[in-house]
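Following: one structure in structure tokens, then a few remarks.
Quick note: the coordinates plus some simple rules give every number you see, no bench work behind them. Predicted, not measured: the structure shown is a model, and the values here were computed from it. Please note: Cβ atoms are built from the backbone with ideal geometry, for glycine as well, and neighbour counts cover all protein chains shown.
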Amino acid sequence: MSPKLLHEGAILVADSHCAAWRTAFSDFLDALESDEIHTTQLVLMGDNFDLLFGPVTQTLRDNRDSIERLNRLSQRMEILYLEGNHDFRLTALFPHLYVIGRSQQPLILTYGEQRIALLHGDLRVPFGYSLYTSLIRNRPILFCLNILNTVFNGFIINKLSKQMQRKNHCQKIQNFEAIAARHSTAPWTNKCDVIIEGHFHQNRTYDVGGLKYINLGAFACNERYYVVKSSQDRTILDEAIFHKEPR
């Protein structure tokens, strides 16, 4: 059963794209584990790993340390993991986390008097992308991918990893307000007051038709994360920048 409440002081992290060459998210988990950063609820908004596909063993091996950190943290705090388009089929990896698949999103939580819809952000998409993202989550396809990747000594995942290294996570999307407006007219929006999603990395907020729409910035861009605050029963996300403390 999924949680029903968004906590005061909850931390939201989106699109950290953790990988061997990008370790800030791993360092951030260390800071949570050592209590340098404190929260009772951690919400991972998807794409927190660059490549983490539950049935593909190389992606598990490449991210083993951060997987273990999250599982340890789940013994101390409530962790919600909204799967993204780079990290999915994760339930077996994280037995004590609340893993929310794409088909279960948005997750609607109550915060004070407000209903907050949380989702990764890749729902209101063109048909071609929707078909693609359904196929890459398909168990038989992932089973075959795992076999082929093993037979060819990691060639497929290594090639994908190199492509990910070249991606710019800090690009501004022109006319993003039109995307926000489209996402704010989804059939489920009558059930919420605020929409919070990642995926687009824009760090922008709009009021659309009486709804507040918030698109989170990518942790991969400048290590930003968000802390839930309240002011007169209205949701405020305080932006913070993670700085690794010297050991």
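So here's what we get for this one:
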{"quantity": "For region 1-141: rounded, prolate or oblate by the Cα gyration tensor [a/c cutoff 1.5]", "calculated": "oblate"}
{"quantity": "For region 97-220: span of alpha carbons on each principal axis (Å, largest first)", "calculated": "53, 29, 29"}
{"quantity": "Translational diffusion coefficient (Stokes-Einstein; Kirkwood radius from C-alpha pairs) of the chain at 37 °C, 0.692 mPa s, in µm²/s", "calculated": "177"}
{"quantity": "Per-pair calculated FRET efficiency, R0 = 30 Å: PHE143 and CYS170 via Cβ, rounded to 0.05", "calculated": "0.30"}
{"quantity": "Label-point gap, in nm, between GLN75 and SER34 - each point 7 angstrom along Cα→Cβ", "calculated": "2.0"}
{"quantity": "CD proxy at 222 nm, helix term only [per DSSP H run n ≥ 4: -39500 (n - 2.57); per residue of the chain; nearest 500]", "calculated": "-8000 deg cm²/dmol"}
{"quantity": "Relative contact order (percent, whole number), the chain, Cα cutoff 8 Å, 6+ residue spacing", "calculated": "23"}
{"quantity": "For region 10-62, alpha-carbon Rg over 2.2 N^0.38 Å", "calculated": "1.20"}
{"quantity": "Cleavage-rule hits, trypsin sites (Lys or Arg not before Pro), region 126-167, DSSP coil, Cβ neighbours within 10 Å at most 12", "calculated": "ARG166, LYS167"}
{"quantity": "R0 of 41 Å, Cβ-Cβ distance LEU5-VAL125: FRET efficiency to nearest 0.05", "calculated": "0.90"}
{"quantity": "Extension gain from THR23 to HIS96, taking 0.36 nm per residue of separation minus the Cα-Cα distance", "calculated": "23.9 nm"}
{"quantity": "Spacing of the two label points (7 Å from each Cα toward its C-beta) at GLU239 and ALA178, in nm", "calculated": "2.4"}
{"quantity": "Value of relative contact order over region 12-133, rounded to a whole percent, pairs C-alpha under 8 Å and six or more apart", "calculated": "23"}
{"quantity": "Estimated FRET transfer efficiency (SER103, LYS191; beta-carbon r; R0 25 Å; 0.05)", "calculated": "0.90"}
